[in-house]
Ligand SMILES: [Zn+2]
């Protein structure tokens with residue numbers, strides 16, 4: 001665990017994000033993996049034990065933490081490849097044929113429909129603005145406390 005202010009700020013951001021948009025309970029993981037046939041929603045590869053619950057639309061771009069915005073993904077797709085790419089474009093890129101693309105797209109859409117579609121997939125703008133303010137406030141406080149203690153160290 002890197003005891004650096006950036007780490008504390010990242011944890012604070014995730015805690016505050018979960019406050020406005022709760023993370024799905026871990027008990028849902030088996031049902032999610034089963035819906036996606038134990039395969040990554042984008043690439044179709046076998047899910048490893050520690051698969052990721054990817055955001056279709058990233059939290060920073062307005063997506064929520066709700067299940068309607070989450071799919072099972074392998075770590076390379078989630079961490080390295082998709083980044084902030086629009087998910088439909090990323091899915092298309094990961095499919096070798098149109099038939100494969102249509103099948104995976106239908107599976108993702110069925111998952112979303114099962115969890116209410118668009119209703120909870122996005123964080124309302126006013127809520128997001130309040131969240132951004134609090135993140136900035138907490139981040140500045142962590143930086144300032146860190147700087148004060150560094151300066152005061154004997
Ligand atoms: Zn993948």
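What follows is calculated from the coordinates using simple rules that are stated; it is not laboratory data. Keep in mind it's a predicted model, so treat the numbers as computed, not measured. Backbone-built Cβ (ideal geometry, glycine too); neighbour counts: all protein chains shown.
Quick notes on this one:
- Fewest-first sequence of 95, 77 by Cβ atoms within 10 Å of each Cβ: 95, 77
- Given R0 = 30 Å, the distance between the Cβ atoms of residue 79 and residue 15 translates into a calculated FRET efficiency of 0.90.
- Fully extended contour minus Cα-Cα distance, from residue 149 to residue 34, at 0.36 nm per residue: 36.5 nm
- Spherically averaged projected area in nm², based on the convex hull that wraps the Cα atoms of the stretch 44-154: 9.8
- Per-residue Cβ neighbour rank within 10 angstrom, fewest leading, 135, 123: 135, 123
- Taking label positions 7 Å along the Cα-Cβ direction at both residue 100 and residue 126, the computed distance is 4.6 nm, reported to one decimal.
- The chain - percent relative contact order, Cα under 8 Å, separation 6 or more: 29
- Fewest neighbouring Cβ atoms within 10 Å first, the residues 153, 70 line up as 153, 70.
- On full extension, the segment bounded by residue 23 and residue 138 gains 39.4 nm, given 0.36 nm per residue less the C-alpha separation.
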